[in-house]
Each structure stands twice: as structure tokens, then as C-alpha cells.
1. Could you tell me which numbered condition residue 5 fails, if it satisfies all but one of (1) touching a strand residue (DSSP E or B) at 6+ places or on another chain (Cβ under 9 Å); (2) at positive phi?
2. Going by the structure shown, is residue 36 over 10 Å from the mean Cα position of the chain (by Cα) and on the phi < 0 side of the Ramachandran plot?
């Protein structure tokens, strides 16, 4: 195991690894999953309550053995287009002004 310490460029760090193993059930929005997917890293996510609402069920893992199998068969880049379509900057640039207009 290796601890990389503080990472200045998370996009490059995720892309260099190709996979993300997210086991936290305490993240507020699980942004690390979308960030990793956006640069082509394949995500493996703990199957916490509600995870299937935000993330495709094919990479939710409930125990160690299925998680290891998914990591070994990972497909970097598979979900990048999904993130760009759903949460890409162009969509955000359009949504933020609409949201601000609604609340003001």
C-alpha cells in the first residue's frame, strides 16, 4: 500500500490510476466518483443506501470478493461520456443561471 499525500492535480491522479475504489459512506455528494469518471477512471462504489440513485448499479459493490472481481475487470473510460452528458461543464453553465433566477 502507498499513501500519496496531498494531491495537487486530482484529474491527473485519477487518470493515472484508471480506477477509483470509493468505500466511504460519509461523503456528502460523492463527488470523487464523478471526478474520477470524468477523466476516464472506472469507479467501484460501496453499495450504500441510495447509491443506485446516483450511480449505475453495475459498479456498486456490497462485499470484498465482488469488488475485487470488478477491479480486475475494470474498463477505464467506460463511463466518461455519461458524466460529461449528465454533469459536464456546458450543462452546469446553463443550469446555474436558471437556478439563480428561480431563487431570486
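1. Tallying (1) touching a strand residue (DSSP E or B) at 6+ places or on another chain (Cβ under 9 Å); (2) at positive phi, residue 5 fails exactly one: (1).
2. No.
Read-outs: derived from the displayed coordinates by stated rules, not from any lab. Only a predicted model underlies this, so the values are computations on that prediction, with no experimental measurement involved. Note that each Cβ is placed from the backbone with ideal geometry, even for glycine, and that neighbours are counted across all protein chains shown.
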